[in-house]
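Input: a single structure, listed below in structure tokens.
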Amino acid sequence: MEPCVGEARVIETVLRERGYVDLHFFDLMGTGDERRDFFDITESYDTIVTNPPFNRHVDFVLHAKRIATKKIALLLPLNYLTGKQRHSEIWDDDQFPLARVLIMNRGVNFLTDDPFAERVMSSQLYCGWFIFDQSHVGPPTMTWVDNHALIARR
């Protein structure tokens, strides 16, 4: 399930290209059956993959942990790894722990004029994919992802 599909539908495109078929897409700004507020969703999904609004990080993680049954992948700023509230509410959770962080080696400017552009401008916003996995045991791992080819130079 992707609850913040947005106009560009990037995650949907990637998942479909990789052969996933049982997919559900929603967005607060969507239309028809796709218009749903993530926080109103109560049914369970195996996996949630999304780029949530950065001003609702904690709420998104906590609600995703309530409705996901296996994994959660959230694109978040790297500074999300810090903070007392997040530590006590999210990182100390051994029932649905953080398994790994895939760190993008280039900053990404998400505020583009063209959401369908093949490349986006670089910025000082450094992000990573935070992967939570109910079956994970032990500390999380970190891996770097080279997103250089997707970033246009200014």
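So which trypsin sites (Lys or Arg not before Pro) in segment 1-62 are both in a DSSP loop and have at most 11 other Cβ atoms within 10 Å of their Cβ? Don't skip to the answer; put the middle values down first.
On the way: sites: Arg9, Arg16, Arg18, Arg35, Arg36, Arg56; in loops: Arg9, Arg18, Arg36.
Those satisfying the criteria are Arg18.
If you average the C-alpha positions of segment 128-143 and of segment 1-72 separately, how far apart do those two centres end up, in angstrom?
19 Å
What is the gain in length, in nm to one decimal, between Lys84 and Val21 on full extension, counting 0.36 nm per residue of separation less the C-alpha to C-alpha distance?
Contour length minus Cα-Cα distance gives 18.8 nm.
Starting from the Cα of Asp37, step 7 Å along the direction of its Cβ; do the same at Ser135; then give the gap between the two resulting points in nm.
3.5 nm
Just so you know, all these numbers are worked out from the coordinates, no wet-lab data involved. Keep in mind that this is a model prediction, so the values were computed, not measured. For neighbour counting, all protein chains shown are included, and Cβ atoms are generated from backbone atoms with ideal geometry for every residue, glycine included.
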